[in-house]
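No value in this document is a laboratory result; all are computed from the given coordinates. In this text the structure is predicted, and so the values were computed from the model without any measurement. Here Cβ is always computed from backbone atoms with ideal geometry, including for glycine, and neighbour counts include all displayed protein chains.
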Amino acid sequence: MQIIKNISELRAIIKNWRKDGLSVGLVPTMGYLHEGHKSLIDRAVKENDRVVVSDFVNPTQFGPNEDFESYPRDINADAALCESAGADIIFNPEAEEMYDDALTTVNMTDITEGLCGKTRPTHFSGVCTVVSKLFNIVTPDRAYFGQKDAQQLCVIRKMVKDLNFDIEIIGCPIVREGDGLAKSSRNTYLNPEERKAALCLSRALQLGKSKISDGEENADKIVKIISEEIQKEPLAKIDYVEAVNYNNLKPLSKIEKPLLCAIAVYIGKTRLIDNFIIE
Ligand code: PAF
C-alpha cells in the first residue's frame, strides 16, 4: 500500500491500472479512520480490483467557527487500517495541492439548504467541490459513502446525476458502538460524561422507530417523541430533529417511504448527527 500526496503521481498509477483493464473503487474520507470507514473500504475491496482511500481534512467544508484546526488527524494509524483492509493507495494531499489558487466551486441549491445546511450554509458547497475534484482525479467506477451522513449521500447522488459523472454511488449502513452510538471521528472530542450523554441520540431514534413500527403515522408526533427523549439529557442541545422524504429532503406530514429521520445534537460543544432511513 502506498501513501500518495501528489495528484499527478496518483493519476499516473491509475492510468496504468486502466491500461490493465482494472476497476477502481474510491472511498473519500477525512481520515482518523474507524470501523465505519473500514466497512466502506472492505466493501470497496470486495467490489473493485483496486481501491483508493482519500484522506484529506477538507478546509472548504468547515465554517469559520467550526473544528477544522482541531479535527483529529493520524495518518500512520490510517495507513495501518487501510493496509490491513486491503486498500492499494491512500491519497493524502496538502490543501495547497488540492486547491492551489482555485476559483471554481460546485454549488447545489434546495436539498443543501435544510437539515445540516441550515446551520452549516457553506458546508455542502465544500463537500461537492472536493468530491468532484476527487472524482476527476481518481475517475473511479464506484465511490463509497456512509449513510450516517445521509444528507451528504443524497446530495452526492444528485450531483452525480446532474453533472453526469459516470460513477456508481454506493451507500453503506451506519456502524455503531456496542451501546448504540454511531461511530464518528468526532466522538473522540467527548469526555466520559459526554460520551454517556451522547447515547441519547441513538436511544431517541430507536424510540421514534419503534413508534412508527407500532403504527404512528403522524410525522410531527414522531419528531416530538424524539425531541422530548433527547431533551431529557441535560448535556444535549438539539440543532434539528426532522422527518423528511429521503429523495427530496422535504419535510413529511405523514410517515411514508422513503423516510429519512435525521437529527443533529450538540453534546457539550460537540455536534453529532445520526439518523434512520425506512425505504
Ligand atoms: O464524509 C466525509 O468524510 C467528507 O465530507 C468527504 C465526503 C470525505 C468530503 O470531504
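The ranking of I226, I4 from fewest to most other beta carbons within 10 Å of each one's beta carbon is I4, I226. For the chain, the convex hull spanned by the alpha carbon atoms encloses 131 Å³ per residue.
Neighbour counts of C-beta atoms inside 10 Å place L26, L181 in the sequence L181, L26, starting with the fewest.
Debye-formula intensities of segment 54-187, expressed as log10 I(q)/I(0) at q = 0.17, 0.20, 0.21 Å⁻¹, are -1.14, -1.63, -1.77 (one equal scatterer per alpha-carbon, no solvent).
Each of L22, L33, L235, L190 was scored by other Cβ atoms within 10 Å of its Cβ. Listed from fewest to most, they are L22, L235, L190, L33.
Averaging Cα coordinates gives a centre for segment 135-164 and one for segment 220-279; these two points are 23 Å apart.
Seen from all sides and averaged, what is the projected area of the convex hull of the Cα atoms in segment 82-157, in nm²?
The directionally averaged projection comes out at 6.3 nm².
For segment 72-87, in order, what is each residue's ³J(HN,Hα) by Karplus, 6.51 cos²θ - 1.76 cosθ + 1.60 with θ = phi - 60°, in whole Hz (x at glycine and Pro)? Each residue of segment 72-87 in turn: x, 9, 7, 5, 5, 5, 4, 4, 5, 5, 5, 4, 5, 7, x, 6 Hz. GNM on the chain, alpha-carbon springs under 10 angstrom: the most fluctuating residue among E47, E35, E97 is E97. The string of couplings for segment 29-35 from the Karplus curve (6.51, -1.76, 1.60, θ = phi - 60°) is 9, 9, x, 6, 5, 10, 4 Hz, one whole number per residue in order, with x for Gly and Pro. With respect to the chain, whose longest principal axis is taken over its alpha-carbon atoms, helix 123-138 is tilted by about 30°. Restricting attention to the chain, close to 50% of DSSP beta bridges with both partner residues there are antiparallel.
Over segment 1-114, the hull volume per residue, using the convex hull of the C-alpha atoms, is 148 Å³.
Can you list, largest first and rounded to whole Å, the semi-axes you get for segment 166-279 by taking the square root of 5 times each eigenvalue of its Cα gyration tensor?
23, 19, 12
Amide H contacts for N218 (H built 1.01 Å from N in the peptide plane; partners 5 or more residues away or on another chain; cut-off under 5 Å): I255. Using C-alpha pairs under 8 Å with a sequence gap of at least 6, the mean separation divided by the residue count of the chain gives a relative contact order of 17 percent. When the helices of the chain are scored as -39500 (n - 2.57) per DSSP H run of n ≥ 4 and the total is divided over every residue, the value at 222 nm lands at -12000 deg cm²/dmol.
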